[in-house]
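Structure first, then comments.
The values are calculated or read from the model by the stated rules, or taken from the named source; none is laboratory data. Values in this document were obtained by computation on a predicted structure and should not be read as measured data. Methodologically, a virtual Cβ is constructed for each residue, glycine included, from the backbone with ideal geometry; neighbour enumeration extends over all protein chains shown.
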Amino acid sequence: MPHEEDADIRFFTGFCGVFETPSDRRVELDLGCGSGSYTSALCGLFPESRILAADVMLGRLRKVVRRCRRGHFDNVTVLRVEARYLISRLLPDRSVDRIHLLCPDPWPKGRHRGHRLLTSDFTSQLHRVLRDGGVFHFSSDDEYYRDAVGRVLASSGLFSPCDEAVADLAGIASDFEKRWLEEGKTVPHRAWRKLPLPPPGPGH
Ligand SMILES: C[S@@+](CC[C@H](N)C(=O)[O-])C[C@H]1O[C@@H](n2cnc3c(N)ncnc32)[C@H](O)[C@@H]1O
């Protein structure tokens, strides 16, 4: 049965080339946006910015579309795409101001860690797509994942901690954050700012 919301979802299947973002506006990416309450909050807070909402789950993306329509937001682009593919292949260099990865699936079992999004490889791609001074924003109720992310980013030498860079978003909770808070969990938010690339060493 066709869903009329699909008219407002960009589908990426097969090779699609580069996905250009507007160069004259700030761009915020809600990566793994789920059902989109965070996306719609970003749309409302930053009407002059382009808000990208990306997820693999079509049912959730349809909810994002419905929410954004209810809010009459015309500054959102909803993308059905795998996150690694978006970050490593589709987005051009220096194309996004802030990337929000909120309550990503923690994959706590050792044998499933490879499914986690935040790895050292992914970190260098985040660095590539962020604009100069851009910000990576992360939240999780899972302290092991949080610690691992902190270690990966610190050892990359590509980012410096900068929680103030998301101070304007304090008090906005994503759908999963609300769920974890109701269960009495804590969901700390952390942010890192992109550093300039270090000078190439021998052999680079
Ligand atoms: C735990 S939910 C969090 C959703 C939302 N960020 C929130 O905080 O409410 C994780 C979301 O990431 C999406 N996701 C997981 N792996 C993904 C991937 N590799 N690429 C794109 N989306 C992914 C899932 O479909 C799901 O909607």
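For the range 112-119, does any single residue satisfy the condition of being free of Cβ contacts under 8 Å to residues at least 60 places away in the same chain, touching a Lys or Arg at 6+ places or on another chain (Cβ under 6 Å) and either more than 21 Å from residue 132 (Cα to Cα) or more than 12 Å from the ligand (Cβ to nearest atom) (or both)? No, the range 112-119 contains no residue that is free of Cβ contacts under 8 Å to residues at least 60 places away in the same chain, touching a Lys or Arg at 6+ places or on another chain (Cβ under 6 Å) and either more than 21 Å from residue 132 (Cα to Cα) or more than 12 Å from the ligand (Cβ to nearest atom) (or both).
Applying the set (1) touching an Asp or Glu at 6+ places or on another chain (Cβ under 7 Å); (2) near the ligand (Cβ under 9 Å from one of its atoms); (3) touching a residue at least 60 places away in the same chain (Cβ under 8 Å); (4) not polar (S, T, N, Q) to residue 106 leaves exactly one unmet item: (3). For the range 119-130, the count of residues that are over 24 Å from residue 22 (Cα atoms), surrounded by 13 or more Cβ atoms within 10 Å (Cβ to Cβ), modelled with pLDDT under 95 and within 16 Å of the chain's Cα centre (by Cα) is nonzero. Scanning the range 155-179 for residues that are part of a helix (DSSP H, G or I) and modelled with pLDDT of 95 or more gives 163, 164, 165, 166, 167, 168, 169, 175, 176, 177, 178, 179.
Screening residue 131 on (1) of a type outside the set (A, V, I, L, M, F, W, C); (2) touching a residue at least 24 places away in the same chain (Cβ under 8 Å); (3) assigned to a loop (DSSP other than H, G, I, E, B) shows it passes everything except condition (3). Every test in (1) surrounded by fewer than 19 Cβ atoms within 10 Å (Cβ to Cβ); (2) touching a residue at least 24 places away in the same chain (Cβ under 8 Å) is passed by residue 59 save one, and that test is (2).
Restricted to the range 1-110, the set of strands (runs of 3 or more DSSP E) holding at least 3 residues that are of a type in the set (Val, Ile, Thr) comprises 76-80.
Hey, does the range 151-171 have a residue that's within 16 Å of the ligand (Cβ to nearest atom), touching a strand residue (DSSP E or B) at 6+ places or on another chain (Cβ under 8 Å) and of a type in the set (Phe, Trp, Tyr)? For the range 151-171, residues within 16 Å of the ligand (Cβ to nearest atom), touching a strand residue (DSSP E or B) at 6+ places or on another chain (Cβ under 8 Å) and of a type in the set (Phe, Trp, Tyr): absent.
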